[in-house]
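A.B. asks: Supplied in C-alpha cells, the structure appears directly below.
What follows draws every value from the coordinates through simple rules; no lab data is involved. Source: prediction; values computed, not measured.
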Amino acid sequence: MPFFQMDKHKAPSPDGFGAAFFQDHWHIMHPDVCHAIKSLFLDSRLLRQLNHTFIVLIPKVVNPTTAAQFRPISLCNTL
C-alpha cells in the first residue's frame, strides 16, 4: 500500500509517530527518509530502531482464558 494512502489515524508505530506525522510533514522529512532508504540498498544495513515490531494479542471472545482465544497482530514501524 502506498504510504500516502495509509489511514492517518491508525495506531502509531513503536516510536510513537503514526502515518499522519509523516504525511503532514513530508515536505520537511523527505530528504532524510529518502537518504535512509537509499542507504539500506547501498550499504545493506538497516537501522536497528527501524526493525522494531510489537506483537499484540487481541481477544476473540469476552474474558478469554486460553491462548487460542486471542488473535496475534504485529504493529510495525512507519518508516
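A.B. asks: Name the residues whose placed amide hydrogens come within less than 5 Å of the amide hydrogen of PHE70, ignoring near sequence neighbours (fewer than 5 apart) on the same chain.
C.D. replies: Excluding prolines and chain starts, which carry no amide H, the hits are LYS60.
A.B. asks: While we're here: Using Cα pairs under 8 angstrom and six or more residues apart, how large is the relative contact order of segment 16-76, in percent?
C.D. replies: 25
A.B. asks: Ok, one more. Excluding same-chain residues fewer than 8 positions from LYS60, which lysines have a Cα within less than 30 Å of its Cα?
C.D. replies: Cα-Cα hits under 30 Å: LYS8, LYS10.
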